[in-house]
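Nothing in this text is a laboratory measurement; each read-out follows from the coordinates by a stated rule. A quick note: this is a predicted structure, and the numbers were derived from the prediction, not measured. Neighbour counts run over all protein chains shown; Cβ positions are idealised from the backbone, glycine included.
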């Protein structure tokens, strides 16, 4: 499908990503500041976010920031009109947080599958119209973990130049440290699904991460959490993702009442985190820096 190498061997390569770019101007402001003065190297853009236009404007003046698409298929607004995707939205035209129900629908109902494919295509088209280079694709709430959604992305990869897709595979030690995965069988099942996802992405000639951090403590990836990852940073491509904003909680979005956006923003600006990266000689950047065969540069 692609000439992009599916397996890129690097000793230690770090991508630090801010999700929800375009959700709120407070998020956008934090991302711009962290790109200039912190360790942030990438951001994932929500094309249907309330502050998407502001995010796009900022992205064009941040050439050092690698920007990708943050697909919104749950807990957000679609790009298409509700009448075009009635099986996916609620009565207000919103893609609610009912991912299990929606996941079953797109797996079993051909009409629902066609509608979610149309919405994914619409978001990719909207991203293309921004004129920004597409560094990666992932999804809000990791909904691209769904095999049908992943299949659609892989089928559209050549048309839209998708070079990299995030695999939500977090090392068990980190999840345990944050009180998650108390069920080992459940953790093993998710790990097997993530391994299958990684195999499918690489078989399609698309780049992906070896591991990701930020799932177990989503919304609270503070300085301590980032330093913990850096202290045990494995070989390969590691992505740490955060949700920075100047202000925290439901101010940003109703579903984020317990998110500590300000602490995550502070982690990106932390001198201790910067010093840890510098002392370890870790290479940092975006997915495209790897997929194009460029030598990753030190953290900005």
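Structure data summary
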quantity: Gaussian network model of the chain, Cα within-10 Å springs - most flexible of 278, 20, 135; calculated: 278
quantity: Selected from 16, 100, 72 as most flexible by GNM, with the chain as the system and alpha-carbon contacts under 10 Å; calculated: 100
quantity: Whole-number percent relative contact order across region 39-91, with pairs defined as alpha carbons under 8 Å at least 6 apart; calculated: 42 percent
quantity: Pairwise label distance in nanometres, residue 232 with residue 156, each label 7 Å out on the Cα-Cβ vector; calculated: 3.6 nm
quantity: Reciprocal of mean inverse Cα separation for region 1-119 (Kirkwood radius, Å); calculated: 16.2 Å
quantity: Burial ranking of peptide ranges 37-50, 144-157 (average Cβ count within 10 Å, highest at the top); calculated: 37-50, 144-157
quantity: Nearest-ten-degree value, helix 147-160 long axis tilted from longest Cα axis of the chain; calculated: 80 degrees
quantity: Ellipsoid semi-axes in whole angstrom, largest first, where each is sqrt(5λ) of the Cα gyration tensor of region 12-298; calculated: 27, 21, 20
quantity: Share antiparallel - DSSP beta bridges, region 12-298, percent rounded to 5; calculated: 10 percent
quantity: Value of [θ]222 nm, deg cm²/dmol, for the chain, DSSP H segments ≥ 4, -39500 (n - 2.57) each, nearest 500; calculated: -13000 deg cm²/dmol
quantity: Principal-axis tilt of helix 184-203 within the chain, Cα atoms, nearest 10 degrees; calculated: 80 degrees
quantity: Relative contact order, percent, region 12-298 [alpha-carbon distance under 8 Å, six or more residues apart]; calculated: 24 percent
quantity: Between region 101-122 and region 23-65, the Cα center-to-center distance that results, in Å; calculated: 29 Å
quantity: Most fluctuating residue given options 119, 223, 57, as computed from a GNM of the chain linking Cα atoms under 10 Å; calculated: 57
